[in-house]
Amino acid sequence: MLEKLTQLREEIKKALENATPEAIEALRVKMLGKKGEITAVLKGLGKLDAETRKAAGAAANELRDWAQTQIEQAKSAAGADQLEQSLANEHIDITLPGKRRGVGRVHPITQMYDKLEQLFLSLGFDIVEGPHVETVYHNFDALNTPPHHPSRDRTDTFYFGEDFLLRCHTSPMQVRIMETQQPPIRVVVPGKVYRNDEIDATHTPVFHQMEGLVIDKNVNMGDLRGIMELIAQHVFGNGVAIRLRPSFFPFTEPSAEVDVACYICNGKTKTEPCRVCKDSGWVELWGCGMVHPEVLRKSGIDPDVYSGYAFGLGVDRLTSALYSITDPRLYFENDVQFLRQF
Ligand code: DAH
């Protein structure tokens, strides 16, 4: 019996020399597992007579404890060996660039809004936003737009039933502001607007406007022109020329288009045809006018006491003009290669 234990001890010692973690585990099963050899010896103790059992039992238990410790130690040593080996063999190229998380950009449309808001805040304007789902009354009727006007058609504007729609311009906020506030009023309204247009190189069904409204005593068209010039110069740089060209909007009288001197050819280079201004030297950028007395009256402001002007900036168009962007779809695709340029 004792001989057998000595033999097992020798076998374990030998087996543990330079053993792999797998070999060590196999040895543990072979010796200490349910059907292991040491386990078998321990199980056999019961068959021995009392005297022999005492000595053999102590020796067998001692061997089991020793084997357990040896195997545990060998296991952790082999594990450390393996780690060391793989560290030595696997090369990590620390000069390879890591995965970068790109920093985003402020969208060019948002940049244009920021730029405009900065100007209007410095001029003492308030900035307010309005509902995108509007009443037909605020979007059209209160703005003097008659029932037969083409923009009221269902093919031009997104309706919800008879009385509501997605606003097709920010002008309805003129009415909402005048309904709730007496002059002096000096306000701009940034926001998205919606039209039932097919997407092409000049149309997107969603685009961006900034409405302006100034109402006070003795406001005249000279004031309007001065502010229109300030806007153009703030966006395109000092010295840029503008002109007001007579136009028509139902809610202003008189109405005008603001044209800016062509930022490509400046109206001067006649050697090559200019595709932006079509050789006219001017680019049409936004609409404006003196608020129609009927609009003032409908909104609860006395046109005999007050007058004012309004304007509707096309923010996409201003951005395109500033950066010579020829396709407004780019604003909605959000391709980082495009956005990174601004
Ligand atoms: N609402 C007009 C549009 O979307 C733009 C506009 C023109 C707004 C003249 C105004 C204005 O306030 O006075 O086409």
- request: Report, in degrees rounded to the nearest 10, the 0 to 90 angle that the Cα long axis of helix 50-89 makes with the longest principal axis of the chain.
  value: 40
- prompt: How many angstrom separate the Cα center of segment 90-158 from the Cα center of segment 271-308?
  reply: 21
- line: Any residue on another chain or 5+ positions along whose placed amide H is under 5 Å from the amide H of residue 157 is listed here as 196
statement: A chain fully extended from residue 26 to residue 206 at 0.36 nm per residue, minus the present Cα-Cα distance, gains in nm 57.7 nm
- prompt: Assuming a viscosity of 0.692 mPa s and a temperature of 37 °C, what translational diffusion coefficient in µm² per second does Stokes-Einstein assign to the chain, Rh being the Kirkwood radius over Cα pairs?
  reply: 122
query: Roughly how many Å² of residue 43 are accessible to a 1.4 Å probe, to the nearest 10?
result: 150
Rounded to whole Hz, the Karplus (6.51, -1.76, 1.60) HN-Hα couplings of segment 131-146, x for glycine and proline: x, 7, 8, 10, 7, 4, 4, 5, 6, 10, 4, 5, 9, 6, 8, x
- request: Quickly work out the residue 88-to-residue 160 label distance, labels modelled 7 Å from Cα along the C-beta direction, and quote it in nm with one decimal.
  value: 7.3
About the Cα centre, charge dipole magnitude for segment 108-339 (Lys/Arg +1, Asp/Glu -1 at Cβ), debye: 540
- request: Determine the principal axes of the Cα atoms in segment 205-293, then give the extent along each, sorted from largest to smallest and rounded to whole angstroms.
  value: 48, 32, 23
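Relative contact order (percent) for the chain, with alpha-carbon contacts under 8 angstrom and 6 or more residues of separation? Can you show the working numbers first?
Values: 480 pairs, mean separation 50.3, N = 342.
The value is 15 percent.
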query: Order of 45-53, 189-197 by packing, highest average Cβ count within 10 Å first?
result: 189-197, 45-53
- line: For residue 223 the rounded accessible area (nearest 10 Å², probe 1.4 Å, non-protein molecules ignored) is 70
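Please report the net charge: other residues with Cβ closer than 15 Å to the Cβ of residue 186, K and R +1, D and E -1. Don't skip to the end; give the middle numbers.
On the way: positive: 217; negative: 117, 126, 211, 216, 223.
Cβ neighbours under 15 Å give a net charge of -4.
Counting only protein chains, not ligands or nucleic acids, how are 327, 335 ordered by accessible area (probe 1.4 Å), most first? The partial results should precede the final answer.
Values: 327 35, 335 75 Å².
These residues rank, largest area first, as 335, 327.
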Computed log₁₀ I(q)/I(0) - Debye formula, equal Cα scatterers, no solvent, segment 2-89, q 0.13, 0.16 Å⁻¹: -0.47, -0.65
- request: Using only Cα atoms, find the angle between the long axis of helix 21-32 and the longest principal axis of the chain, and express it within 0 to 90 degrees, rounded to the nearest 10.
  value: 50
query: Under the Cβ-under-4.7 Å rule, which cysteines of the chain stay unpaired?
result: 168, 288
task: Provide the solvent-accessible area of residue 107, counting protein heavy atoms only and rolling a 1.4 Å probe, rounded to the nearest 10 Å².
output: 40
message: Just to make sure I understand: if all protein chains stay in place, what is the order of 306, 331, 323 by accessible area at 1.4 Å, largest first?
response: 323, 306, 331
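Mind putting a number on the dipole of segment 2-89 about its Cα centre? Charges go on the C-beta only, +1 for Lys and Arg and -1 for Asp and Glu, and I need it in Debye to the nearest 20.
On the way: 14 positive and 14 negative charges, 97 e Å.
With Lys and Arg at +1 and Asp and Glu at -1, about 460 debye.
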field: Part-to-part distance (alpha-carbon centres) for segment 6-62 and segment 211-231, which is given in Å
entry: 101
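The values are calculated or read from the model by the stated rules, or taken from the named source; none is laboratory data. Just so it is clear, the structure is predicted and the values come from calculations on it, not from any experiment. Neighbour counts are summed over all protein chains in view; Cβ atoms, including those assigned to glycine, are modelled from backbone coordinates with ideal geometry. These area figures cover heavy atoms from the full protein model, side chains too; ligands, DNA and RNA do not enter into them. Shrake-Rupley method; radii C 1.70, N 1.55, O 1.52, S 1.80 Å.
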